[in-house]
Structure formats: structure tokens, C-alpha cells
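Everything on this sheet refers to the single structure shown next.
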Amino acid sequence: MSDGMAHDQAREALEALALDALDASERDAVMAHVASCAICQAELAALENTASELAYAATPLPLPAAQRDRIRARLMARAAADHGSREPRAAATSLRVESGSAPARTDATPLRPYTPVRRRFGPAAWMAMAAGLVAILGVGAFLNASRERAALREALQAARAANGTQLAALDSLRSALATREGMIANLIGPQVAVMTLASTDPASPTGRMFWDQQRNAWTFVAHRVPMPKSGRTYQMWLVTPTAKISAGTFMPSPDGEVMMQATYALPKDSLAAVAVTDEPMGGSPQPTTAPMMVAAK
Amino acid sequence: MESEDEALVRRMAAGDDQALGVLYDRWQAVVHGVVSRMLRQPDDVEDVVEETFWQAWRQASRFDRTRGAVQTWLLTIARSRALDRVRALRRRREEPLEGDDGQVVAQQAAEGDPGQDAEASERRTIVVAALSGLPPEQREALELGYFGGLSQTEIAERTGQPLGTVKTRMRLALQKLRSQLQVLGSDAGEGGSG
């Protein structure tokens, strides 16, 4: 019955074991005894049940709405990406912007090589874009993203093996993995349209909008986007023949990277263009400047 | 009979991510309450809340209804993940305890109950009542261990009490809590099952 520690001695430590309050060496000794003692196993199980009830003593605290929605969106994206194949989900009925830029990203965005196209647009550029740039997302981009996700998973496992001593790295990897998985979830659908946003700015920021038409998910990835002036922000617009719909505001990271996700149900045939404008902080009900990036469908 | 939460977990195990969303909507406030009690930094809290539900999603097929209610399973995950974070933070920064400073659990119950599941509310009422029946020093030992993530040695250092005293208090506290919960649970009838 005993395995290095007397039964009575182990029994007296079961409460602390159930609360996970033993020091490592004592915990190991008690657990070694418990492994070979049916009486202590049953007692420990009962004490663990009691200990678990303590969680109810904490007062419930609803998450702030923005935080609640942010976590939910990431969870749903991760769960969706966790499947090999998934059923289409119900169309979203409201716009939900997940984030502006993606801090702590180790972003070498796994998209196809892009050749920037400089164009100049007049004030009437909104609807004048005629050439459709829509394409079904290439297999190469998906494979690259999958490989990167696998690499992130491996790195995450390795960081966990370090037993908490590399918490900062773990957090960073987890954040990167969640971001990547959320992005992949919106990129791998069978009906993903890709729009390349050409720039009107000589600094040539480049961007692509991925529109998962089944999930109503919009993923915007851009590079070399200059920081807007103080008090200003960028705003994404979904342009239809009758309206310019805000898809939210975003700010680039210090190195000019942007990854923005939004959910918005839009009939497939109604999109005429997507565009980015420079707006006052907080965004505008309607665009107040000419687009600095635009793509037509 | 299968409860609503059990049905959600079963659907999660089958890969229904909408069920995860519903479970999250139902229990985010309760999970957040526990995690906030153990961690102070908003980023840590947000991360642990997310990881709690993510672990529930990944381990849904392992849920065993004969071992307890879904919310107890979920709160156990939450506490475990928060505890990992508390201890990792302490190792990394050697910071003081992230959890509460021996605040009285019974006082929190008076702060109001933002409309959660009736069974969980009943459970909370019972647990808080049981805790309030403990001597303050025993309750403190329980709370420092459970919410603070402190070992008995760390509690002894923190409170200035001999280690043997801390061990005795913790042992008596959990035993008393166990018997109190049994009594209160049976008084509450089926509401005390768990």
C-alpha cells in the first residue's frame, strides 16, 4: 500500500494535494502513494470535487462587450480552423471588426508574390475601376499558410515543454497562432474571392482583400502602409452601386503591416469595389477623402 | 436526462463550433469571474479566458457527466489555466501574489449576481454560505491556496504562520467545507447535486 510514504502521512496531505498546494517534492511523494492506494484515491477524488466547488465563490463578471466579442471571434475562428471540413455557418447579420493591426505578429504573410501596380485615381475613382481582379485563392497560398501554421504549432509545443519559463515567447506564439488560424479559417473556403488593392500613393502600399463569401468574412492584409497623421486613421469601405459601407477602421503596425478581419453579409453580386480612405480618428459615416487604395470587382 | 450544457459539450465533441459559441455566451461571465479573481493584468485574463474555452473545445470528448456538471468542469479548467499563468508570472517576475489579499469570499456574494444560470447561482449561494461557516484563518488558507495559487510553504511565508499550522488549517478547512457542502447541498435538494 505504501510506496515510500506512510499511508497516514499521505492521507494528511490529500487536502493540500486536492488544492494543488503541495511543494513539488512532497506532491510527488504523495502521488506515488496514492497511485497504489485505493483508499487514498477515493478520498482524493472526493476532496478534488470539493475543491472544484470553490470556483463558484468567485462573483460572475461579464466581459466588456468588445473583449467578449473579440475572444468569441477568435475562438470561433480557431474552432473552424480546427476542422478538416466544416459545414457552412449561418450568415452574419452585423459587422464585427476584430482588430486594427496585428501587434506581435511575426508576419511574413503567406500570400502569393505581388507586383505593385501604380495607378492614379481622380476624385471619381470610386466606381471607375473596371477591371475585375477577383480570383479564387490559389492552392499555393493555402499550402504556405498551412505549413506556417504547422511550424507555429511545433514552436508552441516546444515552448510549452520549457515549462513556463518562456512565458513571453509562449504568449507571443499563441497570439501569432490564433491570428494565423483565424486568418486561415477565412482563406480556405471554397468561395474566397481575392481583390488586390492598388495604391494611389507613390509610397506604394500594397494590400489584398480576401472575401469568404460563404462565411461573410473579410480579411484585409496590407504591407508598407504609412502611419496616418496624428488624429487620423484608415477606414475600409465596401462599395456597392448604392452605398459605401464602412468595414471598420485600422492602423498599421510600426513596420507598416496591417491585418484586419471583419464579418459582413453582402450579396455576391452587389460588391463593386473595396477602398481605403484616410479619415478622422474613429472613422466617418461616409468617406471624406479620395481612396488611397482601391480595388474593383 | 441530458442537460442543456451537456448537449452543448456533446455537440462540441462532434465538431459543432456553434455549440462552442453558445457555451461561451452562457459561461463567459462565470469563467471571467474566476480568472479575474486570480489574475490582474487584463491581457492575462483575456488570454486565460480564451484558452479555457479552447481547452474545453479540444477536450469536449473527454467530458464525463458522471464526474460532475459542465460548469464545474469548465471552472476547473479555468482555475487550472489561471494557476499555470499565476505561477509562471511569479517565477518570471518574482512578483507578489496576483490573487486577492485574503479578501473575504462571503463579501463578494453581496456584490450582486449578474443574472447567470439558476443552477450556478444556487451553487454559488451554497458555496459562499459554506465558506462563511469556516473560521477566518481557515478560509484564508483555502483562498490563498485556491485563488492565489500559493503552496503551503508560500502561505506560511506570506502569513508568518508556522508551516504545520498552515497545513492543519488547510486540511481542516477543506474537510469542513466538504461536510458543510454536503449538509447545505442536501438542504437545497436537487439543486445541490454536482
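For segment B:1-99, the orientation-averaged shadow of the C-alpha convex hull comes to 6.3 nm² (one quarter of the hull surface).
Treating each Cα of segment A:7-57 as one equal point scatterer and applying the Debye formula with no solvent, the log10 of I(q)/I(0) at q = 0.19, 0.21, 0.29 Å⁻¹ comes out as -0.56, -0.67, -1.12. Neighbouring Cβ atoms from other chains, within 10 Å of the Cβ of residues in B:27-37, number 6 on average.
FYI, it's all coordinate maths here, none of it is from the lab. These numbers were taken from a predicted model, which means no experiment stands behind them. Because the Cβ atoms are built from the backbone with ideal geometry, glycine has one as well, and the counts that use them run over all protein chains shown.
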